[in-house]
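The values are calculated or read from the model by the stated rules, or taken from the named source; none is laboratory data. Because the structure is a prediction, the values reported are computed rather than measured. Every residue, glycine among them, receives a Cβ derived from its backbone with ideal geometry; neighbour counts consider all protein chains shown. With ligands, DNA and RNA removed, areas are computed over all heavy atoms of the protein, side chains included. Shrake-Rupley method; radii C 1.70, N 1.55, O 1.52, S 1.80 Å.
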Amino acid sequence: MNIVIIGAGKIGATLTEQLLREGHEITVVDTRTAALDAIGNTLDVMTVEGNGISMDTQVEAGVPSADLVIAVMSTDEQNLLSCLIAKRLGVGNTIARVRNPEYTSGLHLIQDDLGLSMALNPELASATEIARILRAPASIKIDTFSKGRVELHKMRIDPGSILDGMKLSDLGRLQSGALVCVVERGQHEVYIPDGSFTLLAGDRISVVASPKLAAKFFHKIGVQTNPVKRVMLLGGGRISYYLARQMLDFGASVKIIESSAAVCDSLAERLPEATIIHGDGTSEQLLAEEGIAKMDAVASLTGIDEENVLMSLYARSVSSAKIVTKINRTTFSHIIKGMDLGSVFHPRYIAADHIVRYVRAMQNSLGSNVETLYKIVGNKAEALEFRATEKSAVCGRPLMELPTRPNLLIGAINREGRIITPGGRDTIEPGDTVVVVTAATGLDDLDDILDKRRVKRAASGAAAGCSPSRAGRC
């Protein structure tokens, strides 16, 4: 697909890298020469220097012949106007980043009136993911599928856990219905495990289950899952505002520490139920006075990564709170992973996941569209949700007979709201949504889970008179 990205900031650069990796032709537009050079010198993309809200600039960038325009400039108004111009130039699909909290309630109206394919608020999306974690603090990260009916929980195995030394084939004795689908070990090892895999203390595992079965799994392994009630947010930016609003609605008490007096005044006006403190969140004395040691959760959400890391490490040292750390940079990820920073969130990746999912659905030709997509374990794997159609080649066959790709696991099947933890005799039927976890990136249709080489061998074996289950031995 031919995609034009207007804006070469953090999210623009991340989108460029991820969509280029997916095989699309990318053109990036920005007024800043240095930003364009940083992208053009490392990635094989076209760059156009100019104002994205100029029709002449859009024409120069090839917008009239583009399949999709994504506007991620610094202001919402620029993004909306550039998408409106792109629509006038004949583009069928446009996506705008809209971040202002004042626009949140009317976001769907804006999207409909301007004919946007998507209006994306990265800060709101990030806050929603963090709020989900704070409601289930046993997990490092939670991704949801099937409108919340299926969850993917990431957790760390502590020394002394019942899971330490357990083979996955023995996990069934817990009778929880949860399925371990990814294991991260050390800094670089990632596994899509089978039943012979042995879990060890220190492993970070991803478990797929319905919310009810996930709670049962955590109970069986002796992990507390009580939602947090006292939350401290360090930094008063957009993510903090959205997160505070959601946690207050959930019934938690929220305290925000922010260094800007103007921001504090704004937060106090918009969040009268929260406690707003004007002060330096990196001050050990202030944090102690405000009761950080008694908090159930501490989230470091300033715009400076170094401050967030420092505050999270301090919070870890003085409390047993659930720790959340926002990181903007993508560099030094191996160092960040080695620190005990709790749940680490990258807003730019969360935004990119939403857009990559939409792009894959656009280019899909068979109708088994990607309904949900998450990049997991540092972009080394993906968790996707597909909807099966009558054309899907995987339908009606027991899973044990499907020649699926290596390093791929079918994690859950949603059949009219009933969640099935799949076994070898289960089948996928038209209308089901199917959660797939794989180390192979770029899947955009349910039939892509099949290994084409194994399919050909099975077909050859059948033509020679062999049964499908024995074709590999003919």
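Tabulated values for the structure
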| quantity | calculated |
| --- | --- |
| Residue in segment 316-329 that is open to solvent by 10 Å² or more (accessible area, probe 1.4 Å), assigned to a helix (DSSP H, G or I), under 20 Å from residue 140 (Cβ atoms) and modelled with pLDDT of 80 or more present | yes |
| Top-ranked residue in segment 60-90 [being crowded, with 23+ Cβ neighbours inside 10 Å and not hydrophobic (A, V, I, L, M, F, W, C); ranked as farthest from residue 357 (Cα to Cα)] | 82 |
| Residues located in segment 330-354, provided they are over 17 Å from the mean Cα position of the chain (by Cα), within 19 Å of residue 299 (Cβ to Cβ) and outside any helix (DSSP H, G or I) | 339, 340, 341 |
| For residue 385: the one exception among (1) closer than 30 Å to residue 333 by Cα; (2) open to solvent by 20 Å² or more (accessible area, probe 1.4 Å); (3) in a strand (DSSP E or B) | (2) |
| Helices (runs of 4 or more DSSP H) contained in segment 202-305 and holding at least 2 residues over 30 Å from residue 168 (Cα atoms) and without any contact (Cβ under 8 Å) to a residue 24 or more places away in the chain | 261-270, 284-289 |
| Verdict on residue 147 being exposed (fewer than 14 other Cβ atoms within 10 Å of the Cβ) and outside any loop (DSSP other than H, G, I, E, B) | yes |
| Filter result (basic (Lys, Arg) and modelled with pLDDT of 90 or more) within segment 367-411 | 387, 397, 405 |
| Those residues of segment 427-446 which are modelled with pLDDT of 90 or more and either open to solvent by 50 Å² or more (accessible area, probe 1.4 Å) or under 12 Å from residue 395 (Cβ atoms) (or both), in sequence order | 427, 428, 429, 430, 431, 432, 434, 446 |
| Close pairs from segment 55-66: first under 16 Å from residue 3 (Cβ atoms) and in contact (Cβ under 8 Å) with a residue 60 or more places away in the chain, partner surrounded by 14 or more Cβ atoms within 10 Å (Cβ to Cβ) and not polar (S, T, N, Q), Cβ under 6 Å, at least 6 apart | 66/4; 66/91 |
| Selection count, segment 88-110, where residues are polar (S, T, N, Q) and at pLDDT 80 or above | 3 |
| Criterion: within 24 Å of residue 135 (Cβ to Cβ), modelled with pLDDT of 95 or more and either of a type outside the set (Asp, Glu) or open to solvent by less than 20 Å² (accessible area, probe 1.4 Å) (or both) - qualifying residue of 281, 291 | 291 |
| Residue within segment 339-348 that is of a type in the set (Asp, Glu), touching a residue at least 12 places away in the same chain (Cβ under 8 Å) and open to solvent by 60 Å² or more (accessible area, probe 1.4 Å) present | yes |
| Any pair with Cβ under 8 angstrom, 6 or more apart, that starts in segment 166-178 at a residue that is at negative phi and ends at one that is among the acidic types (Asp, Glu) and open to solvent by 20 Å² or more (accessible area, probe 1.4 Å) | 168/194 |
| Hits in segment 157-175 - residues which are in contact with a Gly (Cβ under 9 Å, 6 or more places away or on another chain) and buried (at least 16 other Cβ atoms within 10 Å of the Cβ) | 157, 161, 168, 171 |
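Results for (1) crowded, with 17+ Cβ neighbours inside 10 Å; (2) outside any strand (DSSP E or B); (3) small (Gly, Ala, Ser), shown as yes or no for each residue.
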position	(1), (2), (3)
360	yes, yes, no
371	yes, no, no
410	yes, no, no
414	yes, no, no
423	no, yes, yes
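Each row is one residue, and each column tells you yes or no for (1) open to solvent by 20 Å² or more (accessible area, probe 1.4 Å); (2) not in a helix (DSSP H, G or I).
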{"residue": "92", "(1), (2)": "yes, yes"}
{"residue": "96", "(1), (2)": "no, yes"}
{"residue": "99", "(1), (2)": "yes, yes"}
{"residue": "102", "(1), (2)": "yes, no"}
{"residue": "109", "(1), (2)": "yes, no"}
{"residue": "128", "(1), (2)": "yes, no"}
{"residue": "133", "(1), (2)": "no, no"}
